[in-house]
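The values are calculated or read from the model by the stated rules, or taken from the named source; none is laboratory data. No experiment lies behind these values; they were computed from the predicted model shown. Heads up, the Cβs are rebuilt from the backbone with ideal geometry, glycines too, and the neighbour counts pull from every protein chain shown. Remember, those area values only see protein heavy atoms, side chains included, never the ligands or the DNA or RNA. Shrake-Rupley method; radii C 1.70, N 1.55, O 1.52, S 1.80 Å.
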Amino acid sequence: MKKSVLIIILFALISFSCSNESINEPEMPENELTNYIYKTYNVSNTPNTVIDSTNYQIDNDRITSSSGLNLETLTQLTSNYNYANNRINEIQSFSNGLLTRIQSFTYNDGDLVEYLSESINSQGQSSSFQKHVFTHTTDTIFSSWTQSDDGVNFDINVSDFKIVIDGNDNRTYFEAYDYFNDEIKFEISTYNANSSIINESKYMRLDNGNDVLSFENNYTSTSSENLFNRINEATFTRRNLMLLYHLQPNAVNNINAKNISKNALMTFESSFGNSFADFEILNTTDDVNNIILSDFKTVISGNVFTRFSQEFIFN
């Protein structure tokens, strides 16, 4: 009987709210990020046309899912971001509806201790595993990268890493030993007072023990917040983002510092390849100084070589 009364009361409340001329919709917080859109372009066309576009859905500044379409191959890519105990714990990626990759994150007292990437082939079978194990000490994080074909025996050593993070959770030193090439590379990064990156100096250690500067990347930043970094920090935390930073594609024209600089990048210069390219960054702001569109171009001998853009949507 009590259940019937409760249903009648609930129905009456719904009927009353619907009978009013003015319906009060719940208000979303103002100036909340809802979407981040990443596009790459075919620069051989004039004007440039979009090759692919990925739309990331954002909630409380964190990525919840994404959907994208390659307009040349018509491949549809989607992903789901899952959280547990307020931390990212799994990312599932799909191609044309088929599961292609699972990324898993394991923690101990808030510290990332393992990152596992499982690749899945078109027949739905696991084809390879990449595991990164992190050991945290007072001032250095040590990491090992191993591979496996079965997800059980990780007996292929790829690299060992040393990572130093300062009190502001900025990665200041990174060293990698490559088992395949039997070589050591390291880089030193500097930041301004607001944790925006200024310089990355990349070195190679020779067989005689001498260190040789390979190339440098130099940056300047705007006074506006880097919304992409805000999303990355909310999704992964800044500290864990620094532990995974080196796993991105490392082509210079990706301008990877856009992921971790607190302020939006304004200029980028690199001595890689004897400074073979120039880089252009065009930022567009809204009326409250948010940079809502950043357009990145790599220019060689006056011609645009690559181009990508980042767009941020608010409610």
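Evaluated at q = 0.26 Å⁻¹, a Debye calculation over the C-alpha positions of the stretch 120-212 (equal weights, vacuum) places log10 I(q)/I(0) at -1.25. Shown for the chain: the carbon plus sulfur share of the solvent-accessible area, taken with all protein chains present and a 1.4 angstrom probe, equals 51%. Determine the shape class of the stretch 77-160: with a ≥ b ≥ c the square roots of the Cα gyration tensor eigenvalues, call it rounded for a/c under 1.5, and otherwise prolate if a/b is greater than b/c, oblate otherwise. It comes out oblate by the Cα gyration axes. Note that the stretch 165-212, at 20 °C in a medium of 1.002 mPa s, gets a Stokes-Einstein diffusion coefficient of 179 µm²/s from its Kirkwood radius over C-alpha pairs. Under 17 Å from a point 7 Å along the Cα-to-Cβ line of Arg205: which residues of the stretch 114-146 have their amide N that close? The answer is 140-145. Spacing of the modelled spin labels on Asp160 and Phe142, each 7 Å from Cα toward Cβ, amounts to 0.7 nm. Computed from Cα atoms, the angle from the helix 227-236 axis to the main principal axis of the chain rounds to 80 degrees. Helix 2-19 and the long axis of the chain differ in direction by around 80°, with both axes built from C-alpha atoms. Only one of the listed values, (1) 20.0; (2) 24.4; (3) 15.9, was derived from the coordinates as mean projected area of the Cα convex hull in nm²; which label is it? Recomputing mean projected area of the Cα convex hull in nm² here gives the entry labelled (2). The heavy atoms of Val164 offer some 40 square angstrom of accessible surface to a 1.4 angstrom probe. For the stretch 238-299, the alpha carbon convex hull comes to 93 Å³ per residue, rounded to a whole number. With contributions of -39500 (n - 2.57) from each DSSP H run of at least four residues, the per-residue ellipticity at 222 nm computed over the chain stands at -3500 deg cm²/dmol. Excluding ligands, DNA and RNA, the accessible surface per residue across the stretch 182-315 is 48 Å² with a 1.4 Å probe. Here's the list of aspartates and glutamates a cross-link from Lys39 could span, going by alpha-carbon distance under 15 Å and ignoring same-chain residues fewer than 8 apart: Asp52, Glu72, Asp295, Glu311.
Per-residue packing, averaged as other Cβ atoms within 10 Å, sorts the ranges 107-120, 226-239 into the order 226-239, 107-120, beginning with the highest.
The orientation-averaged projection of the convex hull spanning the C-alpha atoms of the stretch 53-201 amounts to 11.8 square nanometres. Residue-wise HN-Hα couplings along the stretch 207-220, as the Karplus relation 6.51 cos²θ - 1.76 cosθ + 1.60 with θ = phi - 60° gives them from phi, are 4, 7, x, 6, 9, 10, 5, 7, 6, 10, 10, 10, 9, 10 Hz; Gly and Pro carry x.
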